[in-house]
1. Stretch Arg10-Ala187 to full length: gain in nm at 0.36 nm per residue minus the Cα-Cα span?
2. Shape call for segment 320-422 from the C-alpha gyration tensor, a ≥ b ≥ c root eigenvalues: rounded (a/c under 1.5), prolate (a/b greater than b/c) or oblate?
3. Please turn the phi angles of segment 332-337 into ³J(HN,Hα) values with the Karplus equation 6.51 cos²θ - 1.76 cosθ + 1.60 (θ = phi - 60°), one per residue in order, whole Hz, x for glycine and proline.
4. Please work out how much length the chain gains when fully extended from Thr72 to Val226, using 0.36 nm per residue of separation minus the C-alpha to C-alpha distance, in nm with one decimal.
5. Got the relative contact order for segment 86-142 handy, in percent, Cα pairs under 8 Å and 6 or more residues apart?
6. Does segment 233-386 classify as rounded, prolate or oblate by the C-alpha gyration tensor (a ≥ b ≥ c root eigenvalues; a/c under 1.5 gives rounded; else a/b over b/c gives prolate, otherwise oblate)?
7. For Cα pairs less than 8 Å apart in space and 6+ apart in sequence, what is the mean separation divided by the residue count of the chain, i.e. the relative contact order in percent?
8. For a test of the definition: using alpha carbon positions, the gyration tensor, and the 1.5 limit on a/c, classify segment 223-287 as rounded, prolate or oblate.
Amino acid sequence: MSTNPFAVVREFTPRTRAVLAVNAVNSLGGGLVLPFLWIYLGQVRGLASWVPAATLAVQAATSVAGGLAWGTVLDRLAPRGVVTLVMCVAGAGTGLYAFATSAPLALSAAVVYGLGISGVGTVLRYLYAGAATARERGLAFSADYAVFNAMTGLGVLVGGLVAASGPGSRGARFAALYLADGCTFLAAGAAFLLLLPRIERNGGGKPAKEAPAGYREVLGQRTPAVLLLVLTLCSLVSYGQLKSGLPGYLTAGGAVGPEGLSGTFAVNVVVAVLTQVVVGERVQRMRRSTVLSVTGALWAAAWAVVLVAGRQHGAVATATAMAGVLLLSVGEALVFPVVTGLLNDLAAERVRGRVNAMLSVAVSTGSVAGPLLAGATLPIADGLPLVVALIAVCVAVAMVGRALRATLPADVDLPTEADESGAAVTASSPVPAASGS
């Protein structure tokens, strides 16, 4: 099989390529405003200090509740209208931030945006999961990860330039960025409405009558439940620490300064994208349980390196910290697309929307729990207990990967050549071959 990323893209059906292209534009818009909400509400709009914190909390809570609701809707309705509605709600929410000149307006925007953004990842993964083969599903999840990171990073750069030196007042520049983000969501909704006219649940027609499905059915199955727990832990030790525990530990004793921290974040984005470009296709030919084990080991080594970096100073500390972040980033790029593909291969069609909603909730829970853990443990012994705990969690992830190898079906742990060629029957619904499907 070719490892050329452009050759891999040519393997995708028109539907998968369309979803990737639309999400690229969407991710660019999200990057425009990604780092700014706290600064925007507190400094630009001059709102009370509690408003940014409350806004982020409301947004997070609404995202969890909304994500579960969207999962249920996807399992009951054809995805075309659901995808469009999700994008429109998210666009309206982020657009409302442009007018958030008071606490009630900011909190209202948080509710609408949280409700919308909670469904974006769920519906996109649902569409990728509709690919005809396990190989295409796995490659699509990997490509989406690379596209999201690359375009979000580009959006952050553009947004930073506009916010710092664009035309007009500071408030007008930030408002324009939020409106631009909203427009990308609305454009995505319109594009999906046009590009997915023939996608129906179960390949078209009304869904067959079945016993009522629910989240209890998803969590009642041992392997998916374990994978969702592991995904939460993966998010906690990676996403959940990049903006909290990592900078808090490295700066507590003056080991790394602001410039060094900026460098580590740049390493994270660049390495995550390059890892997918270079090894994304190769990973599809590895056992998924092995990928999970390797990621746990990589992350344990990464946090051990970060532990050493926090005890150094100057250039040595910065270089060591970057090495640790490099290992974290490689693990990130490997494990999240692979576990996403694994969960979707295990999912029955009738609960696929709920599985992807739980996947979003797992990642969000880890991302929220990470800063809470960091806040509680960083003041103790200069953060040493935090880093030791993270290393222990990573070792546990590696051990779960080893255990899963004995329990996962062989054709799910390592999809067969027959499935990759489309000869095997998958759990996903058929994909129409016509362009624009």
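1. 61.3 nm
2. On the way: a/c = 2.52, a/b = 1.88, b/c = 1.34.
In terms of gyration-tensor shape, prolate.
3. Running phi through 6.51 cos²θ - 1.76 cosθ + 1.60 with θ = phi - 60° gives 3, 5, 7, 7, 5, x Hz.
4. Extra length from Thr72 to Val226 when fully extended: 53.3 nm.
5. On the way: 49 pairs, mean separation 19.6, N = 57.
Reported relative contact order: 34 percent.
6. Details: a/c = 2.55, a/b = 1.65, b/c = 1.54.
Prolate is the answer for segment 233-386, as a/c is 1.5 or above and a/b outweighs b/c.
7. Averaging sequence separation for qualifying contacts and normalising by length gives 27 percent for the chain.
8. oblate
The values are calculated or read from the model by the stated rules, or taken from the named source; none is laboratory data. Remember, it's a predicted structure, so these values are computed and weren't measured experimentally. Quick note on the areas: whole protein, heavy atoms, side chains included, nothing else; ligands and nucleic acids left out. Shrake-Rupley method; radii C 1.70, N 1.55, O 1.52, S 1.80 Å.
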